[in-house]
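Report on the structure given below.
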Amino acid sequence: MSKRFYITTAIDYVNGQPHLGHAYEKVVADVIARARRSLGEEVFLLTGLDEHGQKVQQAAAAEGKDPQTYCDQLAQDWKAFAEKLGLTNNDFVRTTEARHKEIVQASLAKVNAAGHIYKTTYEGFYSTKEETFLTEKDRRPDGTFDPAYGEVIKLKEDNYFFKLTEQQQWLIDYIESNPSFIQPDHRRNEILGFLRNNTLEDLCISRPKARLAWGIPIPFDTNYVTYVWFDALVNYITVPAAKGDSTISSALSSRPSTLDPRLSLWPADIHVIGKDIVKFHAVYWPIMLKALGLPLPKRLLVHGWWQKDGAKISKSTGNIVDPVTVINELGLDAFRFYVLRELDIGADGNWTDAGFKARYSAELANGLGNLVNRSLSMLKRYRNGVVPARSDELAPDANKVIAETKSLLEQNQLQSALQSIWSLITRANQYVDKTAPFKLAKDPAQAKRLDEVLYNLAETCRILAVLLWPFLPGTAAKINAQLGLNGEPDKFSAATWGGLTAGHQIGEPAPLFPRKDA
Ligand code: ME8
């Protein structure tokens, strides 16, 4: 059984509705997953929900619901959202599922038996709002705590702690000798800087049940539940365990909940995460995995954060982008295109409605849409939609872009891949303007030249459908259908010049991106 390319997203807190930031991360992961499939790999894409913790308990109470009912209802919205985004996830994990609880408890039991956990009394400051213990180091120069922590109380409480301190040097060495573990590089440098200049404090991994009931009971002391990160991060191995991944099963002595087909998934190839949760994934998670006797994920791919109109996205101030509204208005592919084209993975982004509409109009409607529509309409009009003999005039341009796109997709450089693909669109649109097929059509002596031009345009459209499929799957499928081709353009190997054969009858051209008034 060969190992699948295993890619995950962060699991979102279920204490509200999904927003642009959540959508962006999921689309990035989906494009990478689709690209790898197109390139011939077997891929497993995982996304899901983080359902435990005080915030969910409070949000449920505020609506007068028990937490499980509250989560079950919201999970439906989030699953519908994943579909709306066109995600090709192979599973959807929820941290309240039995399969997850079992693996969290097995992990805690193993790590405890190996001596990585101890119980001690904590006495100090605690932020109820952020559910976190604070130390003197968290005070600002004037002695107060950041208002973001809300009310800070004094607390004395027994809790379980996971030992981190002893692992610090090992982790530094690991990150130094594995430069691609944290990407992009500036995030890697940040983590290395943090690890070199601070002494790691052991991680509190429990809350007394009396104070927080909404969590997974600690198997060796059921007066406690495990607290957020020991629960959330484990989701990445829950699903491999459920699918009978042998690396996980042997480390945790777990049995798969589905016997057929068993999959080999671990270690993950990529965890796609946002910049705010790098420390949890780059520090706590590797140390947890080492304590569990499991190999580390190959890569953390860290994306930036979106703002809207230069300000933080926030429900309370109403500064939000609702991806569903955008998708309903201008289509899923327009949404996917904008977020992927606007932002390189790692950089922060700023959504503006004007910017979105400008890209829609210039790059989608006037660029791609216009090329496909005029190419196929002319083929229909001048040759009854029958593909003429092969001609290779644009083949060198197409081949260059095919090679570039392949290499960029292999490096997860999605924005650059789109730029490369658009260079072919621009080239082909210029070719239409230069060769002026509408003029050639008026002169019977130019019939052969017109055949050549029409072939080059139709074949470029076919290649574009293949290159675009991971990004704009719906549009790519439409181009294929308008070309009269069967199936989805979902195999990169089809991006080879000369695929359209003479005599092939194309389908009906139709605008891909109807123009909308700004
Ligand atoms: O952090 N722009 O959940 P979450 C881009 N449950 N990305 C954003 C964003 C924005 N404005 N806002 C949030 C959690 N994100 C934990 C994760 S993983 C084991 C547990 C990203 O719902 C954020 O960076 O707060 C994170 O990667 C994801 O959305 C979920 O955030």
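Every residue, every condition in (1) in contact (Cβ under 8 Å) with a residue 40 or more places away in the chain; (2) loosely packed, with under 12 Cβ neighbours inside 10 Å, yes or no:
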site	(1), (2)
153	no, yes
157	yes, no
161	yes, no
171	yes, no
184	yes, no
192	no, no
197	no, yes
202	yes, no
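Based on what the data block shows, is residue 214 modelled with pLDDT of 95 or more, within 16 Å of the ligand (Cβ to nearest atom), at negative phi and surrounded by 16 or more Cβ atoms within 10 Å (Cβ to Cβ)? Walk me through how you get there before you give the answer.
Values: modelled with pLDDT of 95 or more: yes; within 16 Å of the ligand (Cβ to nearest atom): yes; at negative phi: yes; surrounded by 16 or more Cβ atoms within 10 Å (Cβ to Cβ): yes.
So residue 214 passes the test.
Residues that are modelled with pLDDT of 95 or more and of a type in the set (Asp, Glu): which helices (runs of 4 or more DSSP H) entirely in the range 1-115 hold 3 or more of them?
Values: elements: 20-38, 54-62, 67-84, 98-113.
Correct list: 67-84.
Going through 389, 365 one at a time, which residue ends up being in a helix (DSSP H, G or I) and closer than 30 Å to residue 442 by Cβ? Before the answer, list the steps.
On the way: 389 fails: in a helix (DSSP H, G or I).
The unique qualifying residue is 365.
Is it true that some residue in the range 318-333 is closer than 24 Å to residue 413 by Cα, touching a helix residue (DSSP H, G or I) at 6+ places or on another chain (Cβ under 9 Å) and open to solvent by 30 Å² or more (accessible area, probe 1.4 Å)?
Yes, that holds for at least one residue.
Could you look through the range 18-51, keep only residues that are within 11 Å of the ligand (Cβ to nearest atom) and of a type in the set (D, E, K, R), and pick out the one that is surrounded by the most Cβ atoms within 10 Å (Cβ to Cβ)?
Checking each candidate, the answer is 51.
Within the range 347-364, track down each residue that is touching a residue at least 40 places away in the same chain (Cβ under 8 Å), of a type outside the set (S, T, N, Q) and within 16 Å of the ligand (Cβ to nearest atom).
Listed by number, the residues that qualify are 347, 348, 349, 351.
Do we have residue 249 as touching a residue at least 24 places away in the same chain (Cβ under 8 Å) and among the small types (Gly, Ala, Ser) here? Explain how you work it out, then say what you get.
On the way: touching a residue at least 24 places away in the same chain (Cβ under 8 Å): no; among the small types (Gly, Ala, Ser): yes.
Criteria not met by residue 249.
Check whether at least one residue in the range 152-173 is in a loop (DSSP other than H, G, I, E, B) and within 30 Å of residue 266 (Cβ to Cβ), and report yes or no.
First, pick out the residues of the range 152-173 that are in a loop (DSSP other than H, G, I, E, B): 163-164.
This time we only want the ones that are within 30 Å of residue 266 (Cβ to Cβ), so: 163-164.
Yes: one or more hits.
Please specify each residue of the range 71-83 satisfying the condition of being open to solvent by less than 70 Å² (accessible area, probe 1.4 Å) and under 14 Å from the mean Cα position of the chain (by Cα).
81, 82
Only one of these is closer than 30 Å to residue 192 by Cβ, modelled with pLDDT of 95 or more and within 12 Å of the ligand (Cβ to nearest atom): 283, 278. Name it. If you could, list the steps in order and put the result at the bottom.
Working: 283 fails: within 12 Å of the ligand (Cβ to nearest atom).
The match here is 278.
Would you mind stating whether residue 344 is open to solvent by 50 Å² or more (accessible area, probe 1.4 Å) and within 16 Å of the ligand (Cβ to nearest atom)?
Details: open to solvent by 50 Å² or more (accessible area, probe 1.4 Å): yes; within 16 Å of the ligand (Cβ to nearest atom): yes.
Judged against the criteria, residue 344 is a match.
Can you list residue pairs whose Cβ atoms sit under 7 Å apart, with the first residue in the range 11-24 being farther than 26 Å from residue 61 by Cβ and the second being among the aliphatic types (A, V, I, L, M) and near the ligand (Cβ under 8 Å from one of its atoms)? Count only pairs 6 or more apart in sequence or on different chains.
Short answer, once both residue conditions are applied: 20/313.
Run residue 388 past the list (1) buried (at least 18 other Cβ atoms within 10 Å of the Cβ); (2) of a type outside the set (D, E, K, R); (3) under 27 Å from residue 514 (Cβ atoms) and report the number of the one that doesn't hold.
Failing condition for residue 388: (3).
Need at least 2 residues that are small (Gly, Ala, Ser) per element, so show me which helices (runs of 4 or more DSSP H) inside the range 219-263 make the cut, counting only ones lying wholly within it.
235-242, 246-252
Condition check ((1) modelled with pLDDT under 95; (2) over 22 Å from residue 393 (Cβ atoms); (3) not in a loop (DSSP other than H, G, I, E, B)) across all residues:
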site	(1), (2), (3)
460	no, no, yes
475	no, yes, yes
481	no, yes, yes
498	no, no, no
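Could you go through the range 290-298 and let me know if any residue there is surrounded by fewer than 18 Cβ atoms within 10 Å (Cβ to Cβ) and within 11 Å of the ligand (Cβ to nearest atom).
no
Residues of the range 436-455 being of a type in the set (Asp, Glu) and surrounded by 14 or more Cβ atoms within 10 Å (Cβ to Cβ), which ones?
From the range 436-455, those of a type in the set (Asp, Glu) are 443, 451-452; that's our starting set.
Listed by number, the residues that qualify are 451, 452.
Quick grid of which residues meet (1) under 29 Å from residue 153 (Cα atoms); (2) open to solvent by 20 Å² or more (accessible area, probe 1.4 Å); (3) touching a His at 6+ places or on another chain (Cβ under 8 Å):
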{"position": "91", "(1), (2), (3)": "no, yes, no"}
{"position": "96", "(1), (2), (3)": "no, no, yes"}
{"position": "102", "(1), (2), (3)": "no, yes, no"}
{"position": "107", "(1), (2), (3)": "no, no, no"}
{"position": "111", "(1), (2), (3)": "no, no, no"}
{"position": "115", "(1), (2), (3)": "no, yes, no"}
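Considering only residues of the range 1-17 that are more than 11 Å from the ligand (Cβ to nearest atom) and out of contact with any helix residue (DSSP H, G or I) (no Cβ under 7 Å at 6 or more places or on another chain), which is farthest from residue 323 (Cα to Cα)?
The residue in question is 1.
Filter the range 333-359 down to residues that are under 17 Å from residue 86 (Cβ atoms) and in contact with a Leu (Cβ under 7 Å, 6 or more places away or on another chain), then give me how many there are.
Selection size over the range 333-359: 6.
Go through the range 310-359 residue by residue and tally those that are among the hydroxyl-bearing types (Ser, Thr, Tyr) and part of a helix (DSSP H, G or I). Before you say what the answer is, go through the steps one by one.
Here is the first cut: in the range 310-359, the ones among the hydroxyl-bearing types (Ser, Thr, Tyr) are 314, 316-317, 325, 338, 352.
If we keep only those that are part of a helix (DSSP H, G or I) too, we end up with 325, 338.
Result for the range 310-359: 2.
From the set of residues in the range 373-386 that are of a type in the set (Gly, Ala, Ser) and outside any loop (DSSP other than H, G, I, E, B), which is farthest from residue 417 (Cα to Cα)? Let's see the steps before the verdict.
Within the range 373-386, the subset of a type in the set (Gly, Ala, Ser) is 375, 377, 385.
Subset that is outside any loop (DSSP other than H, G, I, E, B): 375, 377.
Working: 375: 23, 377: 28 Å.
My answer is 377.
Which of the residues belonging to the range 120-147 are part of a strand (DSSP E or B), of a type in the set (D, E, K, R) and either open to solvent by less than 50 Å² (accessible area, probe 1.4 Å) or modelled with pLDDT of 90 or more (or both)?
Residues of the range 120-147 part of a strand (DSSP E or B): 120-127, 132-134, 139, 145.
Next, only the ones that are of a type in the set (D, E, K, R) stay: 123, 139.
Residue satisfying the conditions is 139 alone.
Is it fair to say residue 239 is in contact with a strand residue (DSSP E or B) (Cβ under 7 Å, 6 or more places away or on another chain) and at pLDDT 95 or above? Before the answer, list the steps.
On the way: in contact with a strand residue (DSSP E or B) (Cβ under 7 Å, 6 or more places away or on another chain): yes; at pLDDT 95 or above: yes.
Yes: the conditions hold for residue 239.
Out of the residues in the range 404-423 that are open to solvent by 60 Å² or more (accessible area, probe 1.4 Å) and part of a helix (DSSP H, G or I), state the one that is farthest from residue 362 (Cα to Cα).
The residue in question is 410.
The values are calculated or read from the model by the stated rules, or taken from the named source; none is laboratory data. Everything quoted here is computed from the prediction, not taken from an experiment. Positions of Cβ are backbone-derived with ideal geometry, glycine not excepted, and every protein chain shown enters the neighbour counts. Please note that ligands, DNA and RNA were not included when accessible areas were found on the heavy atoms of the full protein model with its side chains. Shrake-Rupley method; radii C 1.70, N 1.55, O 1.52, S 1.80 Å.
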